[in-house]
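Peer 1: Got a structure for you, written out below as structure tokens; questions coming shortly.
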Amino acid sequence: MPASCRSARTLSSSALSPSVTRDGSRISPVATNVFMAASPGHGVSWPIAMLTCGLEVRLKSIGERSPALWRAYDVAVSSQAVRRQAPSPEDLTPKGRATRTRIVELAASYVHAHGIASSTIEELRAAANASPSQLTHYFGDRRELVTAVINELIESTIDAQEPLLSNLTSFDAFEHWCEYQVGVQLRNACVGGCPVGSLVGQVAEVDDEWRQLVGEGFERWREPIVVGIRVMQERGLISRTAGAEKLATSALAALEGGAVLSQATRSVTPLADALEMFMALLRSYATSGAVS
């Protein structure tokens with residue numbers, strides 16, 4: 001037996017006896033490798049030893065005895081030192097898809113409240129009430145989980161506006177949509193801002209892939225606004241000289257800019273004022289026969 005294997009067996013039967021982790025779950029072999037590699041004095045041979053011997057150990061009271069190992073695990077995953085191909089949602093069983101969806105939704109709520117940079121893999125795991133092995137199975141690494149979280153924040157923000165968003169075909173409909181946006185900030189006491197807009201400052205200058213993802217999300221959000229304005233033009237409510245795409249961009253700009261100012265001031269007034277000015281702009285293109 002290789003010396004590294006003998007050492008691994010010795011350690012696993014003593015200092016690292018098979019006990020429960022902080023959450024009582026079993027740590028995957030890959031995660032264990034990272035823990036051991038990060039542990040002082042064990043050297044670079046530990047990942048090889050753990051893989052070669054096929055050992056599956058559980059670190060005893062990790063959170064209490066050695067929080068540094070958890071931090072090392074997070075750093076390793078964040079830097080993509082631990083990479084594996086996670087199954088796509090389409091390849092999962094119904095139960096697996098439900099579990100993955102639950103993890104993403106809970107992690108998204110945590111990220112919206114605390115930000116991407118401040119959300120470690122362990123904090124996301126705890127927020128999602130998931131085991132380390134579940135995270136590595138469904139997402140592979142922290143980056144893949146955060147990507148799923150960004151998509152979730154975009155999708156949930158857009159979906160929450162239905163059916164208003166898909167029926168912006170009159171001035172009254174736009175008024176109701178604006179009232180909805182102000183209502184959201186009122187319910188949240190202007191804390192957190194827009195879930196999509198708040199992502200821009202976090203990713204735009206640090207990760208181009210995530211920046212593009214958020215940009216595409218805004219485009220998906222803008223598209224039904226464009227469609228609604230064009231329907232109003234076809235119905236003779238708005239002049240055909242009005243630029244539908246420019247007006248839609250103005251709507252989102254008023255919403256996002258107003259949301260930022262409302263978040264800073266903890267008052268819905270900036271958002272309400274910005275959306276009121278957008279409505280004034282929209283109505284300035286009304287035809288003589290337009291009623292609503």
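Throughout, read-outs are computed from the coordinates displayed, never taken from laboratory work. Given the structure is predicted, the values throughout are model-derived calculations rather than measurements. Using ideal geometry, Cβ is built from the backbone for each residue, glycine included, and neighbour counts are taken over all protein chains shown.
Peer 1: Most exposed first by the Cβ proxy, i.e. fewest other Cβ within 10 Å, how do VAL226, VAL268 rank?
Peer 2: Sorted ascending by nearby Cβ count, the order is VAL226, VAL268.
Peer 1: Taking the number of other C-beta atoms within 10 Å as the exposure measure, put TYR138, TYR180 in order starting with the fewest.
Peer 2: Going from sparsest to densest Cβ surroundings: TYR180, TYR138.
Peer 1: Separation between the GLU245 and SER284 pseudo-spin-labels, each 7 Å from Cα along Cα→Cβ, expressed in nm?
Peer 2: It is 2.1 nm.
Peer 1: Once you place label points 7 Å from the Cα toward the Cβ at THR101 and ARG266, how far apart are they in nm?
Peer 2: Output for this residue pair reads 3.7 nm.
Peer 1: When LYS246, LYS95 are ordered from fewest to most other Cβ atoms inside 10 Å of their Cβ, what list results?
Peer 2: Lowest count first: LYS95, LYS246.
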